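The values are calculated or read from the model by the stated rules, or taken from the named source; none is laboratory data. These numbers were taken from a predicted model, which means no experiment stands behind them. Neighbour counts run over all protein chains shown; Cβ positions are idealised from the backbone, glycine included.
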Amino acid sequence: MKCELCPRRCAVDRDKETGRCGVTTDVKIARAALHMWEEPPISGERGSGTVFFSGCPLGCVYCQNADISGGRAGKTVTVDRLTEIMLELEEKGAHNINLVTPTHYVHAIIPAVKAAREKGLSLPIVYNTSGYEREGIIEALAGTVDVYLTDFRYISPDIAERYSGARDYPDVALDAIRAMVRTAGQPVFDEDGMMQKGVIVRQLVLPGYTEEAMAITDLLYREFGDSVYFSIMSQFTPTEHLDREKYPELCRTVTEEEYDRVAEHAADIGITQGFLQEGEAADDSFIPPFDLEGV
Ligand code: SF4
């Protein structure tokens, strides 16, 4: 498969080699289990049926899941097994199927979801992404994906380049989110408050970057208003994989003052549909063990 699934457009033959995402065509999964740490309308009381895929096209220097994004952790599975995993998660009581870092496996996800639905899967499919997506691929996912849980990480090309080697991130991610809103539509919840359709945009506040974070909030609210939900996250943690000499500014968590400033700004500009992270979010406990559970 000559791969152009993501904006990197490596055009390598992933049947034979790996591109920037670090994995071949074969689907590799590090964990498939109920997960309680997403936003309330995604995790609910029983948990989100979360499938953690290995590899990542964006590759941020501060990645919070570096063991899997680097393609190290995980086990190769067939499309049939991916279908079974989705059905097993529904049996375990999951509120939805939550595909984490799915971009580079869209070729397998579309047939796996189709087969799972034919076998009775009734849960919404959540596409949990960095936001670095091709608009045309998001359009191709119409009818497969119900809910987008997407990051919007940078508004400044220089910062996007420094931390993710993706100067085009701001424009590309904005176009992708426009396509998500077009195809998933306005937010819809069931009687228990669980999201069935719609878009949640996440902002991971980076230490020292409150101005960037507030500019992102301004842009997104101006662009999408109440068509999306906002999730402002405080959980940034400098992990052991961070190059501390090269990125000394990222060697700390976000202070309460920094986070409150961003959250208050969101409220000041009129955002009412959103989620804040309270308490000790910057804790390794948010990072699950990638131990092949459920794979
Ligand atoms: S999915 Fe991987 S191989 Fe394909 S274009 Fe993106 S980074 Fe390159």
**Request:** Return the total of residues in the stretch 60-74 being out of contact with any helix residue (DSSP H, G or I) (no Cβ under 6 Å at 6 or more places or on another chain) and modelled with pLDDT of 95 or more.
**Result:** 0
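Taking the criterion of being within 12 Å of the ligand (Cβ to nearest atom), within 15 Å of the chain's Cα centre (by Cα) and among the hydroxyl-bearing types (Ser, Thr, Tyr), would at least one residue in the stretch 62-70 satisfy it? So that I can check it myself, show each step before the final result.
First, the residues of the stretch 62-70 that are within 12 Å of the ligand (Cβ to nearest atom): 69.
Subset that is within 15 Å of the chain's Cα centre (by Cα): 69.
Now narrow it down to the ones that are among the hydroxyl-bearing types (Ser, Thr, Tyr): 69.
Within the stretch 62-70, one or more residues are within 12 Å of the ligand (Cβ to nearest atom), within 15 Å of the chain's Cα centre (by Cα) and among the hydroxyl-bearing types (Ser, Thr, Tyr).
With the condition being surrounded by fewer than 21 Cβ atoms within 10 Å (Cβ to Cβ) and of a type outside the set (A, V, I, L, M), I'd like the helices (runs of 4 or more DSSP H) fully within the stretch 1-116 carrying at least 2 qualifying residues. Spell out how you get there, then give the answer.
Values: elements: 40-43, 66-69, 79-91.
Correct list: 40-43, 79-91.
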**Message:** Against the conditions (1) in contact (Cβ under 8 Å) with a residue 24 or more places away in the chain; (2) in contact with a Gly (Cβ under 6 Å, 6 or more places away or on another chain), where does residue 7 fall short? Just the number, please.
**Reply:** (2)
**Prompt:** What number goes with the only condition from (1) under 16 Å from residue 128 (Cα atoms); (2) within 11 Å of the ligand (Cβ to nearest atom); (3) touching a strand residue (DSSP E or B) at 6+ places or on another chain (Cβ under 7 Å); (4) small (Gly, Ala, Ser) that residue 59 does not pass?
**Reply:** (3)
**Request:** Considering only residues that are among the acidic types (Asp, Glu) and either touching a Pro at 6+ places or on another chain (Cβ under 9 Å) or closer than 22 Å to residue 235 by Cβ (or both), look in the stretch 9-53 and name the one that is nearest to the ligand (Cβ to nearest atom).
**Result:** 38
**Prompt:** Out of curiosity, is residue 45 acidic (Asp, Glu) and touching a Ser or Thr at 6+ places or on another chain (Cβ under 9 Å)?
**Reply:** no
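Just one of 198, 193 is over 23 Å from residue 259 (Cβ atoms) and surrounded by 18 or more Cβ atoms within 10 Å (Cβ to Cβ); which is it?
Values: 193 fails: surrounded by 18 or more Cβ atoms within 10 Å (Cβ to Cβ).
So the residue among 198, 193 that is over 23 Å from residue 259 (Cβ atoms) and surrounded by 18 or more Cβ atoms within 10 Å (Cβ to Cβ) is 198.
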